[in-house]
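Chemist: Structure incoming, see below.
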Amino acid sequence: MQSASEAINSFKKHFSGDCRIFFAPGRINLIGEHIDYNDGFVLPAAINKGIWFAIAPNNTHTANFVAVDINETLSISLTEVKNIEGWQSYVLGVLHILQKEGFALNGFNCVFGGNVPQGAGLSSSAALEAGLLYCLNELFQLHISHLDMALLAQKAEHVYPGTKCGIMDMFASLHGKKDHCILLDCRSLTFNYFPIVLEQYDWVLINSKVKHSLNDGAYNKRREVALDALSLFQSINQKITSYRNILPSVVTQFKYALNEEEFKRSLYITQEIERVQAAGKHLEEGNLVAFGKLMFQTHDGLSNLYEVSCPELDYLVTQAKFHQAVIGARLMGGGFGGCTINLIEKESREAVLTDITTSYQNKFGIIPEVYVVESSDGVHELLNLQ
Ligand code: GAF
């Protein structure tokens, strides 16, 4: 699905009556990877790729969904919500968590679909969860704040799909602001906006087309190891309450107390927390060259210490480094596939991208997709036809 009018037409095809139309964006993340669940800082932005919802109450106790892009349906009584694998677990997770937290829902009809490439690290699942939450909040006047919606969407993802994700993706989908990124402190959940539109450079995504899935266990394992290592630091020094209190040099000092995985993961986390703080300052000062250098460093850390890269992503970043016009590049999102994010001089953009994508195609036999990023507002209503 590509537009509000398609959403309206699909709604008319499947249901009767008038509907309301909402858009929930996916997100990019400029820097700060795998530290949202480690009390770090992140720099995401909502993008103009997302999910459209056409939705209306139906005066019953049944929720009816149509997933337009894959032509699948789901009808479930609100009193019998249970987990079903696939896209269903994302919407059912939302219904489950809202009711568990005491919010009263009524039946509704909903069609949804979008243009966020799936498994590309652009948070199609968070857009679905945050978007549905927002729609239900409006439809049934639940009076939930944006922040609480993000927290509920995160809980929904933890409980049903089972990925113990951080808050970044849902937060970005709900709090996005056109032409801006969000510097989010994931411990206090306070944030600032920074302009993302640059005079000389473009933010460009290259989709490796290696599909990643976060609920295959590797993501949760990263989180478990990070927590185990933190407990060890806490047993050494009780003043430590989070990774914020640990410097990379301290991790190195206590290497002997950690196993190899714990050492690598905690070193990466503490370094990335420092990097994002520095990156925020560079962005504020307009020093994009320094910002870009940090992106390359993040990629090295994600590849060698956090070990969430893959040969295809490493190759895309290595190729990017050959071009002076690419001042920063790294894998983006959870990793194990998906996109790299690149900061490229506007003037040379086309030539550079042709070179990188051709060489990638020759090496892996995969035609990568390129998206020049446009930012967007967070989840919002487009039309109320009721
Ligand atoms: C995924 C998760 F959902 C986020 O919470 C975040 O941890 C990200 O991976 C890595 O930074 O998108």
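Any read-out appearing in this document is the output of simple, stated calculations on the displayed coordinates, not a laboratory observation. Keep in mind it's a predicted model, so treat the numbers as computed, not measured. Neighbour counts run over all protein chains shown; Cβ positions are idealised from the backbone, glycine included.
Chemist: Let me check I've understood the local charge: for VAL197, count other residues with C-beta under 10 angstrom from its C-beta, Lys and Arg +1, Asp and Glu -1. What total comes out?
Modeler: -3
Chemist: Tally Lys and Arg at +1 and Asp and Glu at -1 over the other residues with C-beta under 12 Å from the C-beta of ARG275: what net charge comes out?
Modeler: Working: positive: LYS281, LYS293, ARG330; negative: GLU33, GLU272, GLU274, ASP300.
Summing Lys and Arg as +1 and Asp and Glu as -1 gives -1.
Chemist: Set the bar at 18 Å for Cα to Cα. Now go through LYS100/LYS155; LYS321/LYS346; LYS155/LYS209 and name every pair that lies beyond it. Walk me through the numbers before you get to the answer.
Modeler: Working: LYS100/LYS155 11 Å; LYS321/LYS346 16 Å; LYS155/LYS209 28 Å.
Where the Cα-Cα span goes over 18 Å, the pairs concerned are LYS155/LYS209.
Chemist: Okay, next question. Step through the residues of region 30-44 one at a time and calculate ³J(HN,Hα) from phi using the Karplus curve (6.51 cos²θ - 1.76 cosθ + 1.60, θ = phi - 60°), rounding each to whole Hz and writing x for Gly and Pro.
Modeler: Using θ = phi - 60°, the values come out as 6, 6, x, 10, 6, 10, 5, 8, 10, 6, x, 10, 9, 10, x Hz.
Chemist: Next question, about the same structure. Order these peptides, 172-178, 95-101, by their mean beta-carbon neighbour count within 10 angstrom, highest first. Please report the intermediate quantities before stating the final value.
Modeler: On the way: 172-178: 24.4, 95-101: 18.6.
Final packing ranking: 172-178, 95-101.
Chemist: Quick check: from the Cα gyration tensor, does region 171-211 come out rounded (a/c under 1.5), prolate or oblate? Mind showing how you got there, number by number?
Modeler: Working: a/c = 2.55, a/b = 1.31, b/c = 1.94.
Oblate, since a/c reaches 1.5 and b/c is not below a/b.
Chemist: Residue by residue, what Karplus-based ³J(HN,Hα) values in Hz, rounded to whole numbers, does region 346-358 have, using 6.51, -1.76 and 1.60 with θ = phi - 60° and x for Gly and Pro?
Modeler: 3, 4, 9, 3, 4, 4, 5, 5, 4, 5, 5, 6, 5
Chemist: At a threshold of 8 angstrom on Cα-Cα distance, excluding pairs fewer than six apart, so keeping six or more, what relative contact order does the chain reach in percent? Can you show the working numbers first?
Modeler: Working: 812 pairs, mean separation 92.1, N = 386.
With pairs under 8 Å counted, the relative contact order is 24 percent.
Chemist: Run the reach check for LYS239 against aspartates and glutamates, Cα to Cα strictly under 16 Å, same-chain hits fewer than 8 apart removed. What comes back?
Modeler: Cα-Cα hits under 16 Å: ASP39.
Chemist: Out of all Cα-Cα pairs in region 209-290, roughly what percent, to the nearest whole number, are more than 18 Å apart?
Modeler: On the way: 1719 of 3321 pairs.
Cα-Cα pairs of region 209-290 separated by over 18 Å account for 52 percent.
Chemist: In Å, the Kirkwood hydrodynamic radius of region 126-234 over pairs of distinct alpha carbons?
Modeler: About 16.2 Å for region 126-234.
Chemist: Further, regarding this structure: Using unit Cβ charges (K, R positive; D, E negative) and no other charged atoms, how large, in debye to the nearest 20, is the dipole of the chain about its Cα centre?
Modeler: Working: 30 positive and 41 negative charges, 77 e Å.
Computed charge dipole of the chain: roughly 380 debye.
Chemist: I've got another one for you. Tell me which GluC sites (Glu not before Pro) from region 197-260 have a DSSP coil assignment and no more than 12 other beta carbons within 10 Å of their own.
Modeler: Values: sites: GLU199, GLU224, GLU260; in loops: GLU199.
Answer in residue order: GLU199.
Chemist: Please work out the C-alpha center-to-center distance from region 106-148 to region 282-338 and express it in whole Å.
Modeler: Centre-to-centre distance over Cα atoms comes out at 30 Å.
Chemist: Once phi is turned into θ = phi - 60°, what whole-Hz ³J(HN,Hα) does the Karplus curve with 6.51, -1.76 and 1.60 give for every residue of region 109-125, x standing for Gly and Pro?
Modeler: So the J values, rounded to whole Hz, are 10, 9, 10, 8, x, x, 10, 7, x, 7, x, 9, x, 9, 6, 5, 5.
Chemist: When the Cα centres of region 50-97 and region 212-270 are compared, how far apart do they sit, in Å?
Modeler: 37 Å
Chemist: Lys/Arg Cβ at +1, Asp/Glu Cβ at -1, dipole of the chain taken about the Cα centre: which of LEU302, ALA24, TYR256 is farthest positive-ward?
Modeler: It is TYR256.
Chemist: Work out Dmax and Rg for the chain from the C-alpha atoms and quote the Rg first, both in angstrom.
Modeler: Both quantities, over Cα of the chain: 21.0, 66 Å.
Chemist: Here's a follow-up. Amide H neighbours of GLY119 under 5 Å, at least 5 residues apart or on other chains, H built in the peptide plane: list them.
Modeler: SER124
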